[in-house]
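Asks: Quick one: structure below, then a few questions.
The values are calculated or read from the model by the stated rules, or taken from the named source; none is laboratory data. Just so we're clear, the structure is a prediction, and the values are computed from it rather than from any experiment. Keep in mind that these areas ignore ligands, DNA and RNA; they rest on the heavy atoms of the full protein, side chains included. Shrake-Rupley method; radii C 1.70, N 1.55, O 1.52, S 1.80 Å.
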Amino acid sequence: GFKKYTDDMLLSLMRRVAVPDVEFLWNVGDWPLSNSSSLPFPVLSFCSSSSYYDVVVPTYKLFLSTVFGRDLENVNDVDGKCFGVGG
């Protein structure tokens, strides 16, 4: 489920760059959360805009296609393994 997605993405990020010891808020809603009227807080979201401070993260499907170098339209995740469908 969602925990696997977040673990996969954050562990992949930590293998590539130094990530400070910080806690994130993960926004799973359809609207960004962190704007100028709120305290700056690291919010990871699937969406944002110039009026918000949310850090945009890719969807799981886009993450898998990027990490495994597969065609985005042909990526499926089954039991933690990435499979290409088609050719």
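Asks: Tell me which residues, restricted to region 14-30, are open to solvent by less than 80 Å² (accessible area, probe 1.4 Å) and within 11 Å of the chain's Cα centre (by Cα).
Replies: TRP26, ASN27 - these are the residues of region 14-30 that are open to solvent by less than 80 Å² (accessible area, probe 1.4 Å) and within 11 Å of the chain's Cα centre (by Cα).
Asks: Go through region 31-54 and give me each residue that's open to solvent by 70 Å² or more (accessible area, probe 1.4 Å) and modelled with pLDDT of 80 or more. Can you show your working first?
Replies: Kept after step one, since they are open to solvent by 70 Å² or more (accessible area, probe 1.4 Å), are these residues of region 31-54: 31, 33, 36-37, 39-41, 46, 50-53.
Scanning region 31-54 gives TRP31, LEU33, SER37, PHE46, SER50, SER51, TYR52, TYR53.
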